[in-house]
Each structure stands twice: as structure tokens, then as C-alpha cells.
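The values are calculated or read from the model by the stated rules, or taken from the named source; none is laboratory data. The model shown is predicted, which means the values in this text are computed figures rather than measured ones. Ideal geometry is used to build each Cβ from the backbone, glycine not excepted, and the neighbour counts take in all protein chains shown.
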Amino acid sequence: MNKKIKAIIFDVGGVLQLGDNSELHHKRIISKGGVHSNVARALRVSFDQYLDSIDSVYAKSIEGKISEEKALKIMAKNLKTTSLRLKQLYSKNYKKTFKLNKQLFNYALKKKKQGYKIAILSDQWWLPKEALITKEFYHFFSPIILSCDVGMRKPDSKIYKLTLKKLKLKPKETIFVDNQLWNIPPARKLGMKTILFKNNKQTIKEIEKILKH
């Protein structure tokens with residue numbers, strides 16, 4: 001065990017859960033495809049109309065500035081459907097689109113057995129939370145920092161600092177793995193070791209390289 005590194009922090013969507021990674025990022029851009037496209041199609045609305053209907057609510061939801069109930073109510077009204085149907089559509093499509101990255105998940109558990117802490121730092125909104133952050137995650141990873149729960153999101157340095165505080169570790173004692181380039185610099189600036197996830201082989205190789213030093 002590398003005594004310098006004490007914890008490995010993983011993102012979820014696009015890292016521990018693989019599939020459609022379309023979401024409204026810091027530029028509020030959503031890609032056409034996957035979960036959102038399927039929901040729009042099921043509701044028989046154009047993709048542009050769908051985006052206009054959820055845009056501001058989606059952004060507020062990721063930062064926990066609006067409750068799930070209120071978010072669903074507003075979006076359902078805009079999309080001329082019910083909150084229940086909308087929630088069911090999201091749940092179905094997130095579960096259908098995203099699959100557990102078993103190789104990386106099992107690798108993380110292996111590192112845990114070796115004495116390293118494994119944690120999660122992820123931007124999530126209310127609706128995919130149950131589908132993507134399953135009981136397995138809560139059983140093995142700690143802490144689990146989700147943007148909708150803590151009222152802040154990446155790349156705000158505050159959310160990285162909160163994760164470190166919960167871990168009770170210094171930045172240099174951690175490795176942070178994320179699949180979005182813009183989420184890497186704040187972590188690196190704090191002093192965390194960083195890895196931009198491209199695939200399992202590359203990520204595991206880079207983690208092992210850091211741990212051997």
C-alpha cells in the first residue's frame with residue numbers, strides 16, 4: 001500500500017456507470033441522444049421544446065436548489081404530463097441507458113480491501129440518483145458526495161474541499177477520477193492527484209502508477 005495516497009475518489013456517470021453521458025454541464029449544453037432524447041420521444045415533444053421545458057429546473061436540481069417534488073411538478077406542467085409519469089420515464093431510461101462499470105467497480109473494491117478509502121464525488125440531479133447510486137455504492141463507498149445533496153457542483157472548488165473534509169485527508173493523499181476535462185483543474189490546483197477517465201485500462205494503469213510512487 002502506498003502510504004502517501006490514502007483515498008481514491010470516483011465520479012459516477014461516465015466512470016462507475018457507463019452509458020449516455022448527456023447532461024446540462026456548466027455551459028448548460030445537452031447532447032441529443034440517450035435518456036433525454038428518449039424521454040422527449042415518449043412524451044411526443046420536440047427535443048428543443050423538451051430542453052426549454054426542463055432547462056432552468058434541471059440546473060437548479062443539480063445544485064439542490066429545488067426539491068425533487070417541485071422540479072417534477074414544474075417540468076410535468078411544462079411537458080403536459082404528470083409528475084408520476086415523468087418520474088417513471090426517467091427511472092426507466094436511466095436504468096436502461098446506464099450500466100455498472102463492473103471492471104472499475106470491482107477494482108475499487110480491491111483497493112478498499114488493500115486499505116485505501118474509496119469515495120464518490122458526482123454531479124447528480126434528483127431523478128437519476130436512485131437509478132445510478134444504488135445500494136451497492138452506499139455499502140462500499142464513503143463518503144458519497146452528490147451535488148444535489150450538498151448544494152454545490154463541480155467544478156466549484158468548494159465541493160472538492162467538502163469531499164476532502166469528509167475524508168479527513170489532505171489533497172495530496174487522494175486521487176480523483178473524472179471523465180470531464182473541466183472538472184480536473186480545480187482538483188489538481190488543490191493538490192489532488194488527478195486522472196481523466198477515458199477507459200478502464202488507461203485509468204487503472206494510471207492509478208497503479210501513482211500508487212507505486
Flag if Gln103 is touching a residue at least 24 places away in the same chain (Cβ under 8 Å), farther than 16 Å from Ala7 by Cβ and touching a Leu at 6+ places or on another chain (Cβ under 9 Å): no
Pairs with Cβ under 8 Å, 6+ apart, first in region 152-172 and within 21 Å of Ser61 (Cβ to Cβ) and modelled with pLDDT under 95, second polar (S, T, N, Q) and assigned to a loop (DSSP other than H, G, I, E, B): none
Positions within region 47-62 being touching a helix residue (DSSP H, G or I) at 6+ places or on another chain (Cβ under 7 Å) and surrounded by fewer than 17 Cβ atoms within 10 Å (Cβ to Cβ), in sequence order: Phe47
Lone qualifier among Thr134, Thr194 - being at pLDDT below 95 and either touching a Phe, Trp or Tyr at 6+ places or on another chain (Cβ under 9 Å) or surrounded by fewer than 20 Cβ atoms within 10 Å (Cβ to Cβ) (or both): Thr134
Boolean, Ser91 is closer than 18 Å to Ile133 by Cβ, touching a helix residue (DSSP H, G or I) at 6+ places or on another chain (Cβ under 8 Å) and outside the structural domain of Ile145 (by TED's automatic domain parsing): yes
Lone qualifier among Leu121, Leu127 - being under 25 Å from Ala7 (Cα atoms) and surrounded by 22 or more Cβ atoms within 10 Å (Cβ to Cβ): Leu121
